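Please read the structure below before turning to the comments.
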Amino acid sequence: MSSRDDPGGAGPRDLPQMVDLHREARHRRQLMERPDLTYLFWESTLRCNLKCTHCGSSCDATSRVEELSTEQVLGILDTIGEDFDTSRIFVSITGGEPLLRPDLFEVVQRLTDLGMESCIVTNGTLLTRERAARLVAAGMRTVSISLDGAEAEHDAVRGKGSFTRALAGVTAAREAGIEFVETITCVRPANLESLDRVSEDARAAGSNLWRLITIDSMGRLSGRPDPEMWLDSDHLRQLMAYIETRRQAAARAGDPGLDVQFSCGGFLGVALEGQVRPDASQCYAGLCVGSILCDGRVGACPSMPRAWSQGSALEQRFSTIWRERFDDYRDLDGPGGAARPRRSAAGSPPGRGSSWTRRRWGRGRGSRRSRSSSTRFRAWPPAAR
Ligand SMILES: C[S@@+](CC[C@H](N)C(=O)[O-])C[C@H]1O[C@@H](n2cnc3c(N)ncnc32)[C@H](O)[C@@H]1O
Ligand code: SF4
């Protein structure tokens with residue numbers, strides 16, 4: 001009996017997925033022994049021109065920290081260029097809103113010069129054709145733009161008029177020659193029934209990839225259960241069935257159209273992993289994923305509490321922190337195993353369970369454009385945050 005018939009178990013039909021999961025687990029173990037930086041976030045700013053209800057980074061017009069100057073960012077990147085095989089590193093530039101940094105193009109150019117591919121995750125509202133063309137000229141091929149529903153649902157959390165501007169950003173990116181224009185949708189009960197519409201709008205505007213994620217209890221939503229933002233288990237099943245059906249239809253047609261996949265979320269079970277995304281979800285934070293936060297602190301993933309950062313790249317080389325300070329992410333025998341730091345540069349981490357972290361970092365997310373077959377951590381589509 002397969003797990004489809006019996007949700008409690010796995011059957012012969014699930015064998016390929018189970019083999020894949022086993023390989024994934026073995027690879028993860030290898031990474032614990034030999035971490036391998038292939039995915040780097042740069043949290044460019046905490047400033048934003050929007051003030052979304054669900055913002056996991058609590059962003060608004062001003063930043064609450066002292067952010068890195070252009071020289072500091074370039075200096076840190078240069079050390080990475082000296083200390084790592086940059087041809088294997090994909091950089092996701094997130095925020096806040098990256099397009100608020102006037103030096104964005106200069107930084108992208110430096111990443112390209114150092115041999116790293118990069119993308120931005122943006123609300124799209126400031127992405128004019130001219131700016132998109134500058135990103136292309138600086139070497140960028142990938143842009144991810146948030147689209148949180150059809151117009152009414154998107155504007156309800158992101159502000160009036162933001163939907164139209166985000167879609168204009170998608171079109172601008174496409175017309176400027178960005179190869180991968182991904183839309184990211186934070187699914188919540190209010191937009192669950194409109195996903196077909198969102199996909200049509202995204203596709204018509206020029207998007208070729210669509211990533212669906214769930215909303216985390218962080219930032220402005222931190223600590224408050226919010227039935228308007230969170231999917232219950234029936235919603236989640238509905239979402240998984242939706243994605244699976246679309247992926248199967250695309251596979252049958254031999255054309256993904258708008259290639260859809262689920263991202264983030266913890267392990268979904270043998271029956272779903274490999275169905276709603278190409279690879280099994282695992283948290284790779286601190287194993288092949290690292291991040292430079294906007295004040296220079298070095299963390300495993302921007303979705304983790306800032307207190308879990310492991311040092312500052314303004315005080316030590318990034319590579320020193322990455323190689324010497326992430327033991328707790330790489331210690332299978334520690335309490336909670338990997339992805340649950342026991343200590344941090346800023347003191348004890350909050351007692352949040354490892355499941356929270358893992359949930360966030362399923363985000364190895366499968367991909368159409370693997371950076372490295374050896375890591376099997378796929379750099380595309382890039383992480384949302
Ligand atoms: C923090 S935003 C930064 C980039 C840009 N400002 C934007 O909104 O796309 C990065 C991504 O995280 C998503 N996001 C925001 N708040 C979130 C939350 N509480 N849980 C999960 N994802 C969230 C956004 O929708 C976006 O796709
Ligand atoms: S989710 Fe993105 S666009 Fe919205 S407030 Fe946060 S950083 Fe800004």
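The values are calculated or read from the model by the stated rules, or taken from the named source; none is laboratory data. What you are looking at is a predicted structure, and each value in this text was computed from that prediction instead of being measured. Quick reminder, even Gly has a Cβ in these numbers, built from the backbone with ideal geometry, and neighbours come from all protein chains shown.
Being assigned to a helix (DSSP H, G or I) and either among the charged types (D, E, K, R) or at pLDDT 95 or above (or both): is that true of LEU99 here? The answer is yes for LEU99.
Residues in the stretch 57-89 that are among the β-branched types (Val, Ile, Thr), in contact (Cβ under 8 Å) with a residue 60 or more places away in the chain and within 16 Å of ligand 1 (Cβ to nearest atom): VAL65 alone.
Those residues that are of a type in the set (Asp, Glu) and either crowded, with 16+ Cβ neighbours inside 10 Å or at pLDDT below 95 (or both), I need them from the stretch 49-93; list them, please. Explain how you work it out, then say what you get.
Our first condition is that a residue be of a type in the set (Asp, Glu); within the stretch 49-93, this holds for 60, 66-67, 71, 78, 82-83, 85.
ASP60, GLU67 - these are the residues of the stretch 49-93 that are of a type in the set (Asp, Glu) and either crowded, with 16+ Cβ neighbours inside 10 Å or at pLDDT below 95 (or both).
Within this structure, GLY290 passes the test of being in contact (Cβ under 8 Å) with a residue 12 or more places away in the chain, touching a Leu at 6+ places or on another chain (Cβ under 6 Å), crowded, with 19+ Cβ neighbours inside 10 Å and under 29 Å from ASP328 (Cβ atoms).
Please go through the stretch 229-251 and give me each residue that is assigned to a loop (DSSP other than H, G, I, E, B) and surrounded by 13 or more Cβ atoms within 10 Å (Cβ to Cβ), ordered by number.
Step one: of the stretch 229-251, the residues assigned to a loop (DSSP other than H, G, I, E, B) are 229-232.
Once the filter is applied, which keeps residues that are assigned to a loop (DSSP other than H, G, I, E, B) and surrounded by 13 or more Cβ atoms within 10 Å (Cβ to Cβ), the stretch 229-251 yields MET229, TRP230, LEU231.
Scanning the stretch 128-168 for residues that are hydrophobic (A, V, I, L, M, F, W, C), over 22 Å from PRO189 (Cα atoms) and away from ligand 1 (no atom under 14 Å from the Cβ) yields ALA132, ALA133, LEU135, VAL136, ALA137, ALA138, MET140, ALA168. In the stretch 41-59, which residue that is near ligand 2 (Cβ under 9 Å from one of its atoms) and in contact with a strand residue (DSSP E or B) (Cβ under 7 Å, 6 or more places away or on another chain) is farthest from THR70 (Cα to Cα)? Among residues in the stretch 41-59 that are near ligand 2 (Cβ under 9 Å from one of its atoms) and in contact with a strand residue (DSSP E or B) (Cβ under 7 Å, 6 or more places away or on another chain), the one farthest from THR70 (Cα to Cα) is HIS54. Contact annotation: residue pairs with Cβ atoms under 7 Å, 6 or more positions apart or on different chains, pairing a residue in the stretch 40-56 that is more than 14 Å from LEU100 (Cα to Cα) and among the β-branched types (Val, Ile, Thr) with a partner that is modelled with pLDDT under 95 and surrounded by fewer than 24 Cβ atoms within 10 Å (Cβ to Cβ), are THR53/ARG220.
Against the list (1) part of a helix (DSSP H, G or I); (2) away from ligand 2 (no atom under 13 Å from the Cβ); (3) under 22 Å from ALA61 (Cβ atoms), the condition LEU111 fails is (3).
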